Structures are given as C-alpha cells and as structure tokens.
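Below is one structure; the comments refer to it alone.
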C-alpha cells in the first residue's frame, strides 16, 4: 500500500481505539514521523490531509522545512535536543517536543524573541528505565514548568514520554499511566505560557494502549511510511 492508504489505515485504528474506550478521535493529534523518508512521501501524506510531521534530526528537519514550504504543514522536532541546534529550527519549526531542561527553554525563548515568533513545546519526561531515553526526571518537572510560566514566545503545551522498547504491553501501559498521572498532577501549574493540554505518548506498535491511557498526541512513522533503512 502507498502512503495515503497507510495513513487511512492508521486513522481507522485511532478511530476504533477511541470508540472502544469512549473517546473521540478529534481528541487525538496524529504526528506522522517522516524521518529518513523522502519529500515525495511527505507531500503524498500532506495531500491526504495530514498536517503534523515529525523529524528527529536537526539537519534533516532544517532541509525539509526549507524544501517543503506549505502553509498547511506543522513541523515537530522530536529528537534528542542539543541546545546549539535550536538556532537552526526556530524560523520554521512549530513544535519542539523533546525539551527536558530549563537551558533549552531559555535558548528557544532567546531565539524566538529575536524574530517575534511563537513556538510550542512539550516537556519530555523519562518514564522508562532505559539509559538511552532522554527526558527530565519526574521530580524535575515542576521547576521547569515554573520557569516556563514567565516566558513570552515559548509555550509549554504538555508533556511527552517514550515507553520502554518492549513487546510487553503491560510494561508500556504502566509507563503510560505514569505519564498521564504526571500531567494530571501538574495541571495546577497552568498559567502564563504553560497550558498542559497534551500528553504525547504512543507510536505504531502501542497507539491503542496509549489511547486507552489518555494520550492526546501519537507519533506514528512505520505504519505510515514503511520500514526505515538506517
């Protein structure tokens, strides 16, 4: 199947999962993770109505943003966030969803303020015990949110987490529950530039579990664009 057919299948999975747990698919933002995939695939998904696209490499994101200049596209950076790469994104990126330090928020704010541009961010929290997963520790979330409340151009729209890489969905579900509870426990921090409306969790293999546990934003690559050649 092609990209458009795959995209439709993913949307049907989301709709079915939402109906099964009494939610509306309108509550779910689908981010098509297009890393390593050619511009033609992105344009095909865009033509089918897909709006949100995610990349995890700063240079690849920069190139694609320059080459695909469409008004109806929202770009997400979801890779390991190095502060020195932020300057290459701020002119076009709409979401940076892997922020886990005040230092990164400060740099985004500095760069965005210079060009009078507003950028959405999610705070990444480490909900697994895998060393390679980035994210702040749960106890670090509140100080980060407190700092973010005073920002003007950087808007914290929620939190993001990546579950353990495993086929055991019971492990994944437990970690998703942790992230959802963290968001709920920090709703009192809403104010200023903080509005915790999103819980971003769930990918190709576990999006149904994520929907059951309260995700509002799923990141799907393989099921839309096919396997990647790394």
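The values are calculated or read from the model by the stated rules, or taken from the named source; none is laboratory data. Just so it is clear, the model here is predicted, and its values are computed rather than measured. Backbone-built Cβ (ideal geometry, glycine too); neighbour counts: all protein chains shown.
Among the residues of the range 186-206, is there at least one that is in a helix (DSSP H, G or I), farther than 26 Å from residue 89 by Cβ and modelled with pLDDT of 95 or more?
Looking only at the range 186-206, we keep the residues that are in a helix (DSSP H, G or I), and these are 187-189.
Imposing the further condition that a residue be farther than 26 Å from residue 89 by Cβ reduces the set to 187-188.
Within this subset, residues satisfying the condition of being modelled with pLDDT of 95 or more are 187-188.
Within the range 186-206, one or more residues are in a helix (DSSP H, G or I), farther than 26 Å from residue 89 by Cβ and modelled with pLDDT of 95 or more.
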Could you grab me the full set of residues in the range 68-78 that are in contact with a strand residue (DSSP E or B) (Cβ under 6 Å, 6 or more places away or on another chain) and part of a loop (DSSP other than H, G, I, E, B)?
78
Scan (1) surrounded by fewer than 16 Cβ atoms within 10 Å (Cβ to Cβ); (2) at pLDDT 95 or above; (3) assigned to a helix (DSSP H, G or I) for the single condition residue 10 breaks and write down its number.
(1)
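Could you check the range 62-85 and list, in sequence order, the residues that are under 21 Å from residue 136 (Cα atoms) and exposed (fewer than 14 other Cβ atoms within 10 Å of the Cβ)? Outline the logic, then answer.
Within the range 62-85, the first condition is being under 21 Å from residue 136 (Cα atoms), and the residues that meet it are 76-85.
Matches in the range 62-85: 82, 83, 84.
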Residues of the range 191-202 being touching a helix residue (DSSP H, G or I) at 6+ places or on another chain (Cβ under 9 Å) and either free of Cβ contacts under 8 Å to residues at least 40 places away in the same chain or at positive phi (or both), in sequence order, are 192, 202
Can you name the residue in the range 79-90 that is in contact with a helix residue (DSSP H, G or I) (Cβ under 8 Å, 6 or more places away or on another chain) and part of a loop (DSSP other than H, G, I, E, B) and is also farthest from residue 29 (Cα to Cα) among such residues?
82
Which one is surrounded by the most Cβ atoms within 10 Å (Cβ to Cβ), of the residues in the range 13-61 that are touching a strand residue (DSSP E or B) at 6+ places or on another chain (Cβ under 8 Å) and in a loop (DSSP other than H, G, I, E, B)?
34
